[in-house]
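The values are calculated or read from the model by the stated rules, or taken from the named source; none is laboratory data. From a predicted model like this one, the values you see are computed outputs, not experimental measurements. Positions of Cβ are backbone-derived with ideal geometry, glycine not excepted, and every protein chain shown enters the neighbour counts. Areas reflect the complete protein model, heavy atoms only, side chains present, ligands, DNA and RNA absent. Shrake-Rupley method; radii C 1.70, N 1.55, O 1.52, S 1.80 Å.
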Amino acid sequence: DSGVTQTPKHLITATGQRVTLRCSPRSGDLSVYWYQQSLDQGLQFLIQYYNGEERAKGNILERFSAQQFPDLHSELNLSSLELGDSALYFCASSSRPAPNTEAFFGQGTRLTVV
Amino acid sequence: AQSVAQPEDQVNVAEGNPLTVKCTYSVSGNPYLFWYVQYPNRGLQFLLKYITGDNLVKGSYGFEAEFNKSQTSFHLKKPSALVSDSALYFCAVRGYNNDMRFGAGTRLTVKP
């Protein structure tokens with residue numbers, strides 16, 4: 001168990017809908033990362049937060065947004081969902097966004113858009 | 001841009017034989033490299049990292065990785081493979097903003 005908790009584990013929703021994925025980082029970790037894993041595109045970095053502030057942005061669509069709250073948990077909001085958004089969404093955390101620190105991953109949320 | 005490449009989609013080895021999963025990197029400045037493993041329906045688990053120092057890095061579950069600056073490689077190795085090592089392996093590098101960028105992954109299959 002990595003100590004990173006993601007909810008829900010599975011989510012099935014219809015096209016056009018909006019969902020929220022939640023992540024609780026490891027105790028003491030200030031940095032949170034979101035990744036999307038799909039069969040054809042591998043593991044894609046979406047966005048990173050550090051202590052409530054956005055730190056880095058990757059291949060995140062405009063329909064997606066995220067935030068990190070004062071208690072350090074993070075939420076990833078996906079709206080106007082399309083079939084192609086079906087994927088595994090991972091959250092990871094690290095103590096700080098320093099280059100020599102490893103990130104610890106949650107179990108992921110499997111999103112299926114029908 | 002910081003990036004890693006895993007040239008093999010699939011690696012097959014027999015149980016008890018040594019295994020190698022390849023990774024090459026492209027970075028500006030000092031490389032900070034990582035290996036992760038993903039079992040079916042699970043998140044990624046950290047195996048080991050190279051920051052600086054010894055070129056041979058030891059990690060979890062008997063895995064080690066060899067950093068080679070001249071060949072810009074960071075190959076994952078294990079002297080004797082187990083069937084339970086069968087999984088998806090990812091190499092990663094820290095990007096400019098300290099985001100972590102992953103290779104496409106290599107599926108390792110260890111046959112009894």
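Specify which of the listed residues (A:Leu81, A:Leu11, A:Leu61) is open to solvent by 30 Å² or more (accessible area, probe 1.4 Å), more than 9 Å from every other protein chain (Cβ to nearest Cβ), over 24 Å from B:Cys91 (Cβ atoms) and assigned to a loop (DSSP other than H, G, I, E, B).
Selected residue: A:Leu61, the only one of A:Leu81, A:Leu11, A:Leu61 that is open to solvent by 30 Å² or more (accessible area, probe 1.4 Å), more than 9 Å from every other protein chain (Cβ to nearest Cβ), over 24 Å from B:Cys91 (Cβ atoms) and assigned to a loop (DSSP other than H, G, I, E, B).
So in segment A:36-58, with the set limited to residues that are more than 9 Å from chain B (Cβ to nearest Cβ) and within 13 Å of A:Arg96 (Cβ to Cβ), which one is nearest to the chain's Cα centre (by Cα)?
A:Tyr49
Considering only strands (runs of 3 or more DSSP E) fully contained in segment B:1-103, which possess at least 2 residues that are open to solvent by 40 Å² or more (accessible area, probe 1.4 Å) and among the hydroxyl-bearing types (Ser, Thr, Tyr)?
B:24-26
Give me the pairs: first residue in segment B:89-112 and at the interface with chain A (Cβ under 8 Å from one of its Cβ atoms) and basic (Lys, Arg), second residue surrounded by fewer than 20 Cβ atoms within 10 Å (Cβ to Cβ) and assigned to a strand (DSSP E or B), beta-carbon distance under 7 Å, and six or more apart or on different chains, which are they?
Short answer, once both residue conditions are applied: B:Arg101/B:Ser3.
When residues of segment B:24-44 are filtered for being closer than 20 Å to A:Pro99 by Cβ, touching a strand residue (DSSP E or B) at 6+ places or on another chain (Cβ under 9 Å) and within 14 Å of chain A (Cβ to nearest Cβ), how many remain?
So the answer is 9.
In this structure, is A:Leu88 within 11 Å of chain B (Cβ to nearest Cβ), touching a residue at least 24 places away in the same chain (Cβ under 8 Å) and either open to solvent by less than 50 Å² (accessible area, probe 1.4 Å) or more than 27 Å from B:Gly103 (Cβ to Cβ) (or both)? Give the steps one after another, and end with the answer.
On the way: within 11 Å of chain B (Cβ to nearest Cβ): yes; touching a residue at least 24 places away in the same chain (Cβ under 8 Å): yes; either open to solvent by less than 50 Å² (accessible area, probe 1.4 Å) or more than 27 Å from B:Gly103 (Cβ to Cβ) (or both): yes.
Yes.
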